[in-house]
Amino acid sequence: MVSEGKQQLNDATLSEIKNIVETTDLVLTLHLPFSDLNLASLNHPIWKETIRQMSKCLERASDFVELAVIHPGHLSPLGMQLPEIAWRQNIEGLRTICDFAEDFDIKIGVENMVNMQFILGKQPGEVFGMIESIERENVGMTLDIGHANTNGMVEEFLADLSRVIHVHLHDNRGASDEHLELGKGNIKWKDVLRKLNGYRGRFVTEARTITEGAASLKLLKSL
């Protein structure tokens with residue numbers, strides 16, 4: 001679940017979510033909010049608001065999630081002029097979120113990002129560098145295969161799974177983050193699954209509809 005738009009964690013949705021947890025065998029993971037937020041912001045009130053919103057979501061979901069996905073920050077106009085300082089701000093933000101999550105025994109999965117200008121975390125070394133710099137035990141990588149494909153780096157990301165604690169699966173044709181059902185883009189899923197054979201964490205198919213999600217699961221089971 002992504003704490004954005006209609007999926008915001010408020011009193012109404014929390015009640016529905018808790019009902020799902022109590023009446024099904026589903027295991028939920030949390031995706032922290034990211035719209036209009038920036039962990040790498042050099043505008044301190046914006047950075048503090050980013051931390052506040054993410055922390056609040058972790059607290060609200062702490063009764064039913066053990067893992068939360070987080071987007072790294074991006075370079076603002078000022079950040080583009082001071083990229084090293086923005087990078088350090090991003091690390092400090094991720095570290096702060098990890099420390100808050102640790103109080104609730106929640107792991108944080110830093111997600112590799114889509115091919116968009118000025119966004120951090122598009123390459124394996126960049127994401128691994130963030131995780132190493134955070135220096136916390138409850139952090140790892142959320143490997144998003146669709147995002148990796150937009151950067152032409154699926155094989156590079158699959159080469160080292162040592163830090164991967166969560167995986168997102170969705171398809172695209174390599175140019176943009178289309179979130180297609182598996183098999184509708186150009187990702188070679190049989191090769192991907194073979195490389196992920198040793199991974200023992202949870203997979204999430206990021207489908208736009210239940211129908212597409214079911215189709216993606218059907219394809220995975222057939223491979």
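The values are calculated or read from the model by the stated rules, or taken from the named source; none is laboratory data. Here the structure is a predicted model, which means the values were calculated and not measured. Quick reminder, even Gly has a Cβ in these numbers, built from the backbone with ideal geometry, and neighbours come from all protein chains shown. Areas reflect the complete protein model, heavy atoms only, side chains present, ligands, DNA and RNA absent. Shrake-Rupley method; radii C 1.70, N 1.55, O 1.52, S 1.80 Å.
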Give or take rounding to whole Å, what are the principal axis extents of the alpha carbon atoms in the chain, in descending order?
-> 49, 41, 29
Within the stretch 161-190, the residues whose backbone N lies under 19 Å from a label point placed 7 Å from the Cα of residue 209 along the Cα-to-Cβ direction are 170-173, 178-185
Per residue solvent-accessible surface (Å²) - the chain, probe of 1.4 Å = 53 Å²
What is the calculated FRET efficiency for residue 163 to residue 4, with r their C-beta to C-beta distance and R₀ = 30 Å, to the nearest 0.05?
-> 0.70
How would you rank 133-143, 63-73, highest first, on the average number of other Cβ atoms within 10 Å across their residues?
-> 63-73, 133-143
The chain, accessible surface, carbon-and-sulfur percent (1.4 angstrom probe) | 50 percent
What nm distance separates the two modelled labels at residue 202 and residue 119, each placed 7 Å from Cα along Cα→Cβ?
-> 2.2 nm
So what are the ³J(HN,Hα) numbers for the stretch 65-75, from phi and the Karplus equation (6.51, -1.76, 1.60; θ = phi - 60°), rounded to whole Hz, Gly and Pro as x?
-> 10, 10, 9, 10, 8, 9, 8, x, x, 9, 7
Charge sum, other residues only, whose C-beta stays under 13 Å from residue 138's C-beta, Lys/Arg counted +1 and Asp/Glu -1 | -3
For the chain, with +1 on Lys and Arg beta carbons and -1 on Asp and Glu, the positive-most of 110, 100, 90 along the dipole = 110
DSSP loop GluC sites (Glu not before Pro) in the stretch 160-223 with at most 11 other Cβ atoms within 10 Å of their Cβ, which ones?
-> none
Considering amide H positions built from the backbone, and no H for Pro or chain starts, which residues 5 or more places from residue 139, or on another chain, come under 5 Å of its amide H?
-> 108
What list of ³J(HN,Hα) values in whole Hz, one per residue of the stretch 149-165 in order, does the Karplus curve 6.51 cos²θ - 1.76 cosθ + 1.60 (θ = phi - 60°) give from phi, with Gly and Pro shown as x?
-> 5, 5, 9, x, 10, 4, 4, 5, 5, 6, 5, 9, 9, 4, 9, 7, 10
Mean Cα-pair separation over length for the stretch 19-131, i.e. relative contact order, pairs under 8 Å, 6 or more apart, % | 28 percent
Just the number, please: percent antiparallel of the DSSP beta bridges in the chain, rounded to the nearest 5.
-> 10 percent
Counting only the backbone N, which residues of the stretch 102-122 are under 16 Å from the spot 7 Å out from the Cα of residue 88 toward its beta-carbon?
-> none
Among the stretch 20-46, those whose backbone N falls under 14 Å of a label point 7 Å along Cα→Cβ from residue 78 are 38-46
Helix-derived [θ] at 222 nm for the chain: sum -39500 (n - 2.57) over DSSP H runs of at least 4, divide by residue count, nearest 500?
-> -13500 deg cm²/dmol
Too long at a 29 Å Cα-Cα cut-off: which of 56/188; 18/122; 18/188; 48/195; 107/195; 6/190?
-> 56/188; 18/122; 18/188; 48/195; 6/190
Given backbone amide H placed at 1.01 Å from N, residues whose amide H is under 5 Å from that of residue 173, ignoring those fewer than 5 places away on the same chain, are 178, 186
Karplus (6.51, -1.76, 1.60) ³J(HN,Hα), θ = phi - 60°, over the stretch 78-85, in Hz, Gly and Pro reported as x | 6, x, 5, 7, 10, x, 5, 5
Quick one: accessible surface of residue 156, probe radius 1.4 Å, all protein chains present, in square angstrom to the nearest 10.
-> 90 Å²
Would you mind working out the magnitude of the charge dipole of the chain relative to its Cα centre, with +1 at each Lys and Arg C-beta and -1 at each Asp and Glu C-beta, to the nearest 20 Debye?
-> 580 debye
With +1 on the Cβ of every Lys and Arg and -1 on the Cβ of every Asp and Glu, the dipole magnitude of the stretch 81-180 about its Cα centre, in debye rounded to the nearest 20, is 180 debye
